[in-house]
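Asker: Below is a structure I'd like to ask you about.
The values are calculated or read from the model by the stated rules, or taken from the named source; none is laboratory data. Predicted model, so just to flag it, every value in this text is computed and none were measured. Note that we place each Cβ from the backbone using ideal geometry, even for glycine, and neighbour counts take in every protein chain shown.
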Amino acid sequence: MKILLLTQWFDPEPTFKGLAFAKELKRQGHEVQVLTGFPNYPSGKIYDGYKLKLYQREEIDGISILRVALYPNHDSSALKRIFNYISFAFMAMLFGIFATKKADVIYAYHPPLTVGVAAIFIKLFRRMPIVYDIQDMWPDTLKATGMLNNNKILNLIGLVCKLVYKFVDHIVVLCPGFKKQLIDREVPEEKINVIYNWCDEQGLTRAQPAKIEYQQLMQNKFNIVFAGNMGKAQALDSILDVAKEVQDIQDIQFVFVGGGTETERLKQRLTTENIYNTVFIPRMPMAEVGGVLGLSSLLLVHLKKDPLFEITVPSKIQAYMAIGKPILMAVSGDAADLVERAECGCIAISEDVASIRQAIFKIYHLPANEQMQMGLNAHNYYLQELSLENGVKQFIEVFEKVQHD
């Protein structure tokens, strides 16, 4: 089967459905071409080794990639971000119509919504069915994260979403809650499949040992590690409040790995409030993150209390499970259900300091062999249910279905 991957984000940018997805599709016997932009996420600056021009063809590990021009930006300005999305969609539409090989199916990655619009125009001209992979529910996510608060614009985006859902041939979502929400929005149930995300398995399995300084930092501690983006949606003030409350237990340490719009403000709190059991480690490649996760005692997932987050599965869960450590899930709904099914951790109430503290103590006081068993449960569940190989097989079934409909 010939598959066109249409995605604004692709390696070397961090993405769930990037090069690893393309390579696994190829390994399972399919021909893949990629239509994407010049890499600039998350900094908004074009990556070293690339220069912004009208287009560029390249090949990575046997995968043919066509990169097209866009306005590189990913700061907090909604207007600039919208221009970033629209510029890519316009160029992708032109090059998708006139400069790609005919494919059996278009795989379109959302967000942003504009990729879905571009895919529909390509479909109309090229007669190729679309499988639309929804990773974020728009406009809900835009409102929940504070990126957009104008109700008129949010309603307009909602209308465009409905149009895209109508014109694509099949939709894939990352959790049951998304499927339920789409059904509530009158998308036919038979048009939707749930396929959980996988993690960067290659990055994790080739994990380098953590740097000596981090090994020393985390030595002989019960390390509660949060890795990933630190923005408003993660509501990490609650975790610092928990850290303050458990400072009397000397071996408990909170480790934040990554960066985001809230990082500097959170770090400032450590100084002004004398929180001395918490450390921040800068953003690093996945291979290095794996080394730090391997030194953890407990891996933390936390999002602010919002109905939207009850129907999502934060992507870090898969990496946490693959690493094989106990998980503290401070997000209710689909994400909590996953941890309970895998029997690999504890559930806490988001932004509830007492609940999170209680869950930490529950795992902290478990015998070492029971903590280890939780980690083993996580790893086994990942391999059986959430792995890249498994997920790609499910995608191929969907691609074959739309090809023959």
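Asker: Can you tell me which residue among 60, 82, 65 is among the hydrophobic types (A, V, I, L, M, F, W, C) and closer than 15 Å to residue 111 by Cβ? Write out each step before concluding.
Answerer: Working: 60 fails: closer than 15 Å to residue 111 by Cβ; 65 fails: closer than 15 Å to residue 111 by Cβ.
Going through 60, 82, 65 in turn, the sole match is 82.
Asker: Kindly indicate whether residue 171 is under 30 Å from residue 227 (Cα atoms) and at pLDDT 95 or above.
Answerer: yes
Here is a yes/no grid of residues against (1) farther than 23 Å from residue 105 by Cβ; (2) surrounded by 14 or more Cβ atoms within 10 Å (Cβ to Cβ):
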site: 29; (1), (2): no, no
site: 33; (1), (2): no, yes
site: 40; (1), (2): yes, yes
site: 50; (1), (2): yes, yes
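Asker: While we're here: Among strands (runs of 3 or more DSSP E) lying entirely in the stretch 54-163, which contain 2 or more residues that are touching a residue at least 60 places away in the same chain (Cβ under 8 Å)?
Answerer: In the stretch 54-163, the matching strands (runs of 3 or more DSSP E) lie at 105-110, 130-134.
Asker: Of everything in the stretch 48-66, what is of a type outside the set (Phe, Trp, Tyr) and within 22 Å of residue 94 (Cβ to Cβ)? Give them in sequence order.
Answerer: 51, 52, 53, 54, 56, 57, 58, 59, 63, 64, 65, 66
Asker: I'm trying to understand the selection: among the residues of the stretch 86-112, which are modelled with pLDDT under 95, among the charged types (D, E, K, R) and closer than 20 Å to residue 398 by Cβ?
Answerer: 102
Asker: Given the condition within 21 Å of residue 242 (Cβ to Cβ) and not in a helix (DSSP H, G or I), answer yes or no: does some residue in the stretch 360-371 qualify?
Answerer: Yes, the stretch 360-371 has at least one match.
Asker: How many residues does the stretch 361-405 hold that are touching a strand residue (DSSP E or B) at 6+ places or on another chain (Cβ under 8 Å), β-branched (Val, Ile, Thr) and closer than 14 Å to residue 194 by Cα?
Answerer: Total meeting the criteria: 1.
Asker: Same structure, new question: Among residues belonging to the stretch 335-354 that are free of Cβ contacts under 8 Å to residues at least 24 places away in the same chain, of a type in the set (Gly, Ala, Ser) and in contact with an Asp or Glu (Cβ under 9 Å, 6 or more places away or on another chain), point out the one that is surrounded by the most Cβ atoms within 10 Å (Cβ to Cβ).
Answerer: 336
Asker: Going by the structure shown, is residue 185 touching a Cys at 6+ places or on another chain (Cβ under 9 Å), farther than 21 Å from residue 294 by Cα and basic (Lys, Arg)?
Answerer: yes
Asker: Let me ask something additional. When residues of the stretch 286-320 are filtered for being in contact (Cβ under 8 Å) with a residue 24 or more places away in the chain, within 24 Å of residue 195 (Cα to Cα) and among the β-branched types (Val, Ile, Thr), how many remain?
Answerer: 4
Asker: Which of (1) out of contact with any strand residue (DSSP E or B) (no Cβ under 7 Å at 6 or more places or on another chain); (2) part of a helix (DSSP H, G or I); (3) surrounded by 19 or more Cβ atoms within 10 Å (Cβ to Cβ); (4) not assigned by TED's automatic domain parsing to the domain that holds residue 379 is the odd one out, the single condition residue 179 does not satisfy?
Answerer: It fails just one condition, (1).
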